[in-house]
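Report on one structure; see the data block that follows.
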Amino acid sequence: AMEKSASELVFAEVPLLFEGNYEGQFDEIIVITRDVSERINAVKQRDGLSEEEIKNRMAAQFDYNRLEKRIENVNAHVIPNEGDTFSLKDKLQRLIARL
């Protein structure tokens, strides 16, 4: 068997983590949240969809208003994406240093 060092971290980006009920399969979970209006604007720019199309897609996705209930039994860290990329990267680096 291969021994794992204490400093070894493995990351997995799981787009449907909560929808697929996979959260129990990870030691730690990092959730990055974003304001709904900012999410809509970003998807508009990226995909050229209308606001109605985007809201319909979002309605079919995990409801992040229920996030706290879903993460109460796992080691989850919620990071709000409220600023620029530099600010988000800084928050992530500080969290990873603690893990």
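The values are calculated or read from the model by the stated rules, or taken from the named source; none is laboratory data. Computed from a predicted structure; not experimentally measured. Using ideal geometry, Cβ is built from the backbone for each residue, glycine included, and neighbour counts are taken over all protein chains shown. Just the protein is used for accessible areas: all its heavy atoms, side chains included, with ligands, DNA and RNA removed. Shrake-Rupley method; radii C 1.70, N 1.55, O 1.52, S 1.80 Å.
Say whether the condition of being open to solvent by 80 Å² or more (accessible area, probe 1.4 Å) and acidic (Asp, Glu) is met by at least one residue in the stretch 85-95.
So far as the stretch 85-95 goes, no, none of its residues is open to solvent by 80 Å² or more (accessible area, probe 1.4 Å) and acidic (Asp, Glu).
When only residues in the stretch 71-90 that are outside any strand (DSSP E or B) and within 13 Å of the chain's Cα centre (by Cα) count, which is farthest from residue 21 (Cα to Cα)?
Kept after step one, since they are outside any strand (DSSP E or B), are these residues of the stretch 71-90: 71-75, 81-90.
Then keep just the ones that are within 13 Å of the chain's Cα centre (by Cα); that gives 71, 81, 88.
Working: 71: 11, 81: 24, 88: 26 Å.
Applying the filter and picking the extreme gives 88.
Identify all residues within the stretch 4-27 that are over 12 Å from the mean Cα position of the chain (by Cα) and within 19 Å of residue 73 (Cβ to Cβ); write none if there are none.
19, 20, 21, 22, 24, 25, 26, 27
For every residue, the table says whether it meets (1) closer than 28 Å to residue 9 by Cβ; (2) at pLDDT 90 or above; (3) in contact with a Lys or Arg (Cβ under 7 Å, 6 or more places away or on another chain).
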site: 20; (1), (2), (3): yes, yes, no
site: 24; (1), (2), (3): yes, yes, no
site: 33; (1), (2), (3): yes, yes, no
site: 36; (1), (2), (3): no, no, no
site: 44; (1), (2), (3): no, yes, no
site: 50; (1), (2), (3): no, yes, no
site: 53; (1), (2), (3): no, yes, no
site: 74; (1), (2), (3): yes, yes, no
site: 94; (1), (2), (3): yes, yes, no
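Identify all residues within the stretch 42-99 that are of a type in the set (Lys, Arg) and farther than 21 Å from residue 24 by Cβ; write none if there are none.
44, 46, 55, 57, 89, 91, 94, 98, listed by residue number.
Could you pull out the residue among 38, 13 that is open to solvent by 60 Å² or more (accessible area, probe 1.4 Å) and outside any helix (DSSP H, G or I)? Outline the logic, then answer.
Working: 38 fails: outside any helix (DSSP H, G or I).
The conditions single out 13.
Out of the residues in the stretch 58-68 that are of a type outside the set (Phe, Trp, Tyr) and under 25 Å from residue 85 (Cα atoms), state the one that is surrounded by the fewest Cβ atoms within 10 Å (Cβ to Cβ). Give the steps one after another, and end with the answer.
Keep residues of the stretch 58-68 that are of a type outside the set (Phe, Trp, Tyr), which gives 58-61, 63, 65-68.
Next cut, under 25 Å from residue 85 (Cα atoms) only: 58, 61, 63, 65, 67-68.
On the way: 58: 15, 61: 11, 63: 11, 65: 8, 67: 15, 68: 10.
Among them, the one singled out is 65.
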